[in-house]
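Enquirer: Starting off with a structure, shown below.
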Amino acid sequence: MVLGLTGGGFTRREGLRRLKERLETVPGFSDVRYEPSRLRPRTVVADIDVEMFLGMSFPRPTASLDVLWRPREGTDVQRVHWSDDAVSLGWHKDDDHPDLGTTHFQVETEGEPVHEPGNIEAEAPLSFLEICLDRLPEKLRETGDR
């Protein structure tokens with residue numbers, strides 16, 4: 001499937017490649033890889049040195065980030081999701097919570113996840129990722145006492 005995004009079209013594989021290349025440039029991100037494999041990429045995953053990423057001390061030193069982009073007719077499915085020892089949080093553009101808008105933000109610390117509107121209307125996968133990366137430090141600081 002080829003979709004026209006931001007002036008050009010690219011396949012799912014090309015979109016995931018661009019997402020991977022972008023994550024490889026983020027300070028503190030390492031071992032950026034395709035999962036389940038390079039030959040069958042479904043998501044891009046990165047290991048994170050949290051203090052290097054945030055530029056400050058943080059109680060949880062390591063984490064991972066999972067990025068999904070699945071083009072489809074209408075609105076693409078997208079996800080940027082952070083996981084560490086105490087918190088799982090991220091922005092999801094899917095049909096799971098239509099009452100919260102096109103995109104929702106969810107955070108889970110102990111027990112059930114909490115969902116709120118995500119307020120991201122970007123369709124291009126790199127634009128979606130950039131918005132999430134910009135918002136991520138603030139959301140993490142809100143969980144710093146866990």
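The values are calculated or read from the model by the stated rules, or taken from the named source; none is laboratory data. All figures in this text were calculated on a predicted structure; none of them were measured in a lab. With ideal geometry, Cβ positions are generated from the backbone for all residues, glycine too; neighbour counts draw on all protein chains shown. Remember, those area values only see protein heavy atoms, side chains included, never the ligands or the DNA or RNA. Shrake-Rupley method; radii C 1.70, N 1.55, O 1.52, S 1.80 Å.
Enquirer: Given the conditions (1) in contact (Cβ under 8 Å) with a residue 12 or more places away in the chain; (2) in a loop (DSSP other than H, G, I, E, B); (3) of a type in the set (Ser, Thr, Tyr), report the number of the one that Tyr34 does not fulfil.
Expert: (2)
Enquirer: Scan region 41-67 residue by residue and report those that are among the small types (Gly, Ala, Ser) and touching a helix residue (DSSP H, G or I) at 6+ places or on another chain (Cβ under 9 Å).
Expert: Matches in region 41-67: Ala46, Gly55, Ser57, Ala63.
Enquirer: Go through (1) open to solvent by less than 40 Å² (accessible area, probe 1.4 Å); (2) touching a Pro at 6+ places or on another chain (Cβ under 8 Å); (3) within 19 Å of Leu126 (Cα to Cα) one by one and return the number of the condition Tyr34 breaks.
Expert: Result: Tyr34 passes all but (1).
Enquirer: Which residue is farthest from Pro137 (Cα to Cα), if the candidates are limited to region 52-86 and must be out of contact with any Ser or Thr (no Cβ under 6 Å at 6 or more places or on another chain) and among the charged types (D, E, K, R)?
Expert: This residue is Glu73.
Enquirer: Scan region 58-87 residue by residue and report those that are of a type in the set (Val, Ile, Thr), at pLDDT 95 or above and within 17 Å of Phe128 (Cα to Cα).
Expert: The answer is Val67, Val80.
Enquirer: Right, here's the next one. Which of the residues spanning region 58-75 are part of a loop (DSSP other than H, G, I, E, B) and within 14 Å of the chain's Cα centre (by Cα)?
Expert: none
Enquirer: Looking for whichever is under 11 Å from the mean Cα position of the chain (by Cα), modelled with pLDDT of 90 or more and of a type in the set (Gly, Ala, Ser) here; the options are Gly55, Gly90. Which one fits?
Expert: The match here is Gly90.
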